[in-house]
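Below is one structure, written out as structure tokens; comments come after it.
Nothing in this text is a laboratory measurement; each read-out follows from the coordinates by a stated rule. Please read all numbers here as calculations on a predicted model, not as lab measurements. Here the Cβ is made from the backbone with ideal geometry for all residues, glycine too, and neighbour counts use every protein chain on show.
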Amino acid sequence: MNTFRAILWHDVMMGLRSSGGAALSAAFFALIVFLTPFGLGPESATLKSIAPGLFWIAALLATLLGLERVIQPDTEDGTLDLLRLSPLPMELVVLAKIVAHWITSGLIISLLAPFLGPMLNLDVAALPVLMFSLFIGTIGLSAIGAAAAALGASVQRGGIVLAILVLPLNIPFLIFGASAVANVQANTDPSQPLMFLAACTLIALVVGPIAAAAALRLNEE
Amino acid sequence: MRVIAESLAAFRGERLIFRHVNFELGPGDALILHGPNGSGKTTLLRVIAGLLGLMGGRLRLLDKAEKPLTDEARDRALHFVSHVGLVRSQLRVRETLAFHAALLGAPAKAVDAALDEWNLRPLADLSGGMLSAGQRHRLALARLALQKRELWLLDEPLVALDVASKSHLNEVCQKHLDNGGIVIAASHEPFLGDLRTLHLGPRA
């Protein structure tokens, strides 16, 4: 547990203190939302109808940003060797890294989102659901991303491979997350898409660490 | 513990880098690996650490009762110190060591002892990015002081060290050997009086 906490702390610090880390991901998210009214015009009905989808697209892209620092730096400087020699199973090492990535991207984004809602004229009633859907959905995005990062770690210019691998798997999150928020605006029940979203996250949290650990072991051979 | 290698071989891709490597090490033994760049010194260390799969031959790590070590027991029995980095510019020296202490399962107070032993106390609050090459390497070597392990695998332990640190490393390794430990080091320079050496690759 001590080792798990240490890896989590290490990665969170790396995320908060590096220039391409948490701050970049949060700024990217905010900028997409902020620029949309300028690009599409201030028509409030238009903005309101695209807001759920746009928030989720922005979140999805923003969480992609930090993925390169989940595993790549560890393979480059030999830390990965020491992680493999640590008593913690590789699956849990990856889980610690997933949680760290989520804290420095998804968590910050979901806390930021309610403040950006008015920019797109999102219903105030939809803000809690937006926040909640991002909160549970982005953990799954981080889990899928970590598995892809582990696969891409041995590849030169792994970043591009990573994005291509991750995007199709992230689409269910986008669909259920956005429709939960849209449901609130249409005065219908958001619980069904939220449950699907939670299910996607749970699957990703189980499969992601196992797949990533397997990929890291394969890397070496 | 004992380390017994019989006719080890290794490939990089399709290319054979060494074969017929034999040695047997018991408590208090040191083996210094020499050889030109790319002759497989690091590869051999990584194979012994279990970080690379065995590609040919037989490698046995036996405990005191002559029983083969399980993978977990092997991980807990060795230190692997590489000349490559480990130092992140975003983390302070003390934070880096504390992270490694946790990876090794060492108590937090071991960090202070390691800082003192490797004369890193004055640097403890500096960020990794401020360190010179030698200081970074000393920080990597300080892992050795965090936790007692029987088998030390050192990859280029002398690189970038100043005279005082070199002699300190020699002392530390000698003490480890006197206590019944084992040291396997890859080095381009003479190390530990070159007690026992193994030459990899073509002779110059």
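Brief remarks follow.
- Under the span-like rule (Cα at least 27 Å along the axis, Kyte-Doolittle mean at least -1.0), DSSP H helices of chain A: A:22-40, A:44-65, A:127-152, A:158-185, A:191-220
- About the Cα centre, charge dipole magnitude for chain A (Lys/Arg +1, Asp/Glu -1 at Cβ), debye: 160 debye
- Rg(Cα) / (2.2 N^0.38 Å) computed for the protein assembly as shown, rounded to two decimals: 1.16
- Shielding by partners - mean other protein chain Cβ count within 10 Å, residues of A:17-28: 1
- Averaged over the residues of peptide A:74-84, the number of Cβ atoms from other protein chains lying within 10 Å of each residue's Cβ is 5.
- Mean residue ellipticity (222 nm) of the protein assembly as shown, computed from DSSP H runs ≥ 4 via -39,500 (n - 2.57), nearest 500: -18500 deg cm²/dmol
- Taking all C-alpha pairs of the range A:55-129, those more than 19 Å from each other amount to 50 percent.
- Full extension of the chain between B:HIS20 and B:THR197 yields a length gain of 62.2 nm, computed as 0.36 nm times the residue separation minus the alpha carbon distance.
- Relative contact order for the range B:2-199: 29 percent, from Cα pairs under 8 Å spaced at least 6 residues apart, divided by residue count.
- Student exercise, the protein assembly as shown dipole from Lys, Arg, Asp, Glu Cβ charges, in Debye to nearest 20: 400 debye
- FRET efficiency for B:ASN119 and B:GLN174, using Cβ-Cβ distance with R0 set to 25 Å, rounded to 0.05: 0.85
- Net charge dipole, the range B:69-138: roughly 200 debye, given to the nearest 20, about the Cα centre with Cβ charges of +1 for Lys and Arg and -1 for Asp and Glu.
- Rough spin-label spacing in nm, given labels placed 7 Å along Cα→Cβ, for B:LYS67 and A:ASN2: 2.5 nm
- For a label point 7 Å along the Cα-to-beta-carbon line of B:LEU126, residues of the range A:67-111 with backbone N under 18 Å: none
- Shown is the FRET efficiency for B:LYS166 and A:ILE210, computed with R0 = 56 Å from the Cβ-Cβ distance and rounded to the nearest 0.05: 0.80.
- Once the Cβ-Cβ distance of B:LYS109 and A:SER49 is raised to the sixth power relative to R0 = 45 Å, the FRET efficiency obtained is 0.15.
- Note on B:97-104: average number of Cβ atoms from other chains within 10 Å of each residue's Cβ is 6.
- Close Lys-Lys pairs in the protein assembly as shown, where close means Cα under 26 Å and separation is 8 or more or interchain: 14
- Orientation-averaged projected area, Cα convex hull of chain A (nm²): 11.9 nm²
- 27 Å tail of the calculated P(r), the range B:2-199, as % of Cα pairs: 29 percent
- Label zone (A:ARG17, point 7 Å along Cα-to-C-beta; backbone nitrogen cut-off 11 Å) within the range B:107-147: B:125-130.
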